[in-house]
Amino acid sequence: MAEEPTARTTESIAFRSALDVIRGVEPRVADAIGAELADQRESLKLIASENYASPAVLLAMGNWFSDKYAEGTVGRRFYAGCRNVDTVEALAAEHAREIFGAAHAYVQPHSGIDANLVAFWAVLSQRVESPALHKAGVRQVNDLTEADWSALRRELGNQRMLGMSLDAGGHLTHGFRPNISGKMFDQRSYGTDPATGLVDYDALRESAREFRPLIIIAGYSAYPRLVNFRIMREIADEVGATLMVDMAHFAGLVAGKVLTGDFDPVPHAQIVTTTTHKSLRGPRGGMVLCDSELAEHVDRGCPMVLGGPLPHVMAAKAVALAEARQPGFHDYARRIVDNSQALAEGLLKRGARLVTGGTDNHIVLLDVSGYGLTGRQAEAALLDSGIVTNRNSVPQDPNGAWYTSGIRLGTPALTTRGLGTAEMDEIAALIDTVLAATAPGTGADGKPSKAKYALDAAVAQQVAGRATDLLAGFPLYPGIDLS
Ligand code: DSN
């Protein structure tokens, strides 16, 4: 009698079969997919915003749901034949509401930027457009007179937003001028205390009192500490602002109940956005959670600012969120932070300089100026040694956002792979060894270069070898054999 297939053989059969089908049409794509798995298996991934989605999540994305148009919301579509899309969208939203304790979840955004755009326009719709329609005694914008429409458009374009500055760890969608958020809003930034590197709530309160923003955004992509969302909400309430939190980076820590109380944004903010592929470990995508007053405005996201929903990705979101509701996810989230703190301690004891002196979350922000390097030089030297990171500004960065003075390190991916605190200490040693063996280079003009560097080749080789050995003990996707 044939043996029952194990998970290992089932996953291998699924992915091998998929690649065979693809290979029959465009073999180069099948090869690239296989090569990507090999690359990911071989690299020591410390990119704070990346992770490894489960085989179930990956497979949920690769199917005929991709073919379906489904503008609208569950049970209220602009296209016929959406009952199965309704099923997966409703499931994803239900899981999201349950995990995060949110009144409403909108799972259609395709990315974090999209989720933030949906949120901005939901707040503008609720607080600017709706009152204007009410005042004019009409139900929708098409019924406004030309004069009232013109006044409303000016009013929509005349709103203020207060967000964390990019070099303090905020995100480019929080009002950075080159991004649409900085063009849509009259924007002001809050930074961190230069002495501690921490959010200065008193300064933020003062700024909010003076600026009177419509929206205050909390959340970050490169801040290694926690934000007190209760205080943020108090400040927002005091100045009549809506508190929006972008928890894209730390959603997994919220789902895993590592961030609770004042540090869980959902009970405090009127609207919360996230991506689903970072610490939450789902498919690439976005999501919005909100209170019941904002729900109808958020649900207009498509076609207001989003193209047609991606039902295959919503299916994968439902699977990932179901995974995040399993008891093991709490342990995973806890280990992300334990690992991050072990990595920080390992670097500190070797004399490295960390922004804020440590971490409370999944991010470690290493100021590489202590090694005499720019972020760009450090990022390249680490990559040469098999360690994948990304350069990042530090507060008041003298090197700007391109060269930077920092390296952002994050532990969600390696924690998924099973590495623990002992391995983090060794990784800290490897990072320190590489950076200490790297010297800034000179440009063609003989002047110091912010990009060129000289790395001792023997050190790079030795560290890359050690990284490979370390990873061999923690196989990525052990159930998948493509050979
Ligand atoms: N690109 C993401 C990050 O790396 O943090 C945010 O958009």
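The values are calculated or read from the model by the stated rules, or taken from the named source; none is laboratory data. Values in this document were obtained by computation on a predicted structure and should not be read as measured data. As a convention, Cβ positions derive from the backbone with ideal geometry for all residues, glycine included, and neighbour counts pool all protein chains shown. For accessibility, only protein heavy atoms count, side chains too; no ligands or nucleic acids. Shrake-Rupley method; radii C 1.70, N 1.55, O 1.52, S 1.80 Å.
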- Item | Failed item, numbered, when L343 is tested on (1) within 16 Å of the ligand (Cβ to nearest atom); (2) open to solvent by less than 10 Å² (accessible area, probe 1.4 Å) | (1)
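Give the residue, chosen from A92, A32, A96, A48, that is in contact with a strand residue (DSSP E or B) (Cβ under 7 Å, 6 or more places away or on another chain), of a type outside the set (D, E, K, R) and farther than 30 Å from G406 by Cβ.
A96
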- Task: Could you grab me the full set of residues in region 95-152 that are in contact with a helix residue (DSSP H, G or I) (Cβ under 6 Å, 6 or more places away or on another chain) and closer than 12 Å to I271 by Cβ?
- Result: A103, H104, A105, Y106, N116, V118, W121, A122, L124, S125, Q126
- Search result, residues across region 27-64 that are more than 23 Å from the chain's Cα centre (by Cα) and assigned to a loop (DSSP other than H, G, I, E, B): N63
- Message: Looking at region 152-172, can you tell me whether even one residue there is surrounded by 13 or more Cβ atoms within 10 Å (Cβ to Cβ), out of contact with any Phe, Trp or Tyr (no Cβ under 9 Å at 6 or more places or on another chain) and in contact (Cβ under 8 Å) with a residue 40 or more places away in the chain?
- Response: yes
- Task: Please work out which residue is nearest to the ligand (Cβ to nearest atom), limiting yourself to region 21-76 and to residues that are touching a helix residue (DSSP H, G or I) at 6+ places or on another chain (Cβ under 8 Å), free of Cβ contacts under 8 Å to residues at least 24 places away in the same chain and of a type in the set (G, A, S).
- Result: A30
- If you go through S181, S221, S207, S189, the only one that is open to solvent by 10 Å² or more (accessible area, probe 1.4 Å) and within 16 Å of the ligand (Cβ to nearest atom) is S221
- Which members of region 380-389 meet the condition of being assigned to a helix (DSSP H, G or I) and in contact with a helix residue (DSSP H, G or I) (Cβ under 9 Å, 6 or more places away or on another chain)? A381, L382, D384
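Rundown of residues vs (1) aromatic (F, W, Y); (2) touching a helix residue (DSSP H, G or I) at 6+ places or on another chain (Cβ under 9 Å); (3) open to solvent by 70 Å² or more (accessible area, probe 1.4 Å); (4) at pLDDT 95 or above, yes/no style:
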residue	(1), (2), (3), (4)
T415	no, yes, no, yes
I427	no, yes, no, yes
D432	no, yes, no, yes
L435	no, yes, no, yes
T438	no, yes, no, yes
D445	no, no, yes, no
K452	no, yes, yes, yes
D469	no, no, yes, yes
G473	no, yes, no, yes
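Could you grab me the full set of residues in region 257-291 that are among the hydroxyl-bearing types (S, T, Y) and open to solvent by 20 Å² or more (accessible area, probe 1.4 Å)? Walk me through it before giving the result.
Of region 257-291, the ones among the hydroxyl-bearing types (S, T, Y) are 260, 273-276, 279.
Scanning region 257-291 gives a single hit, T260.
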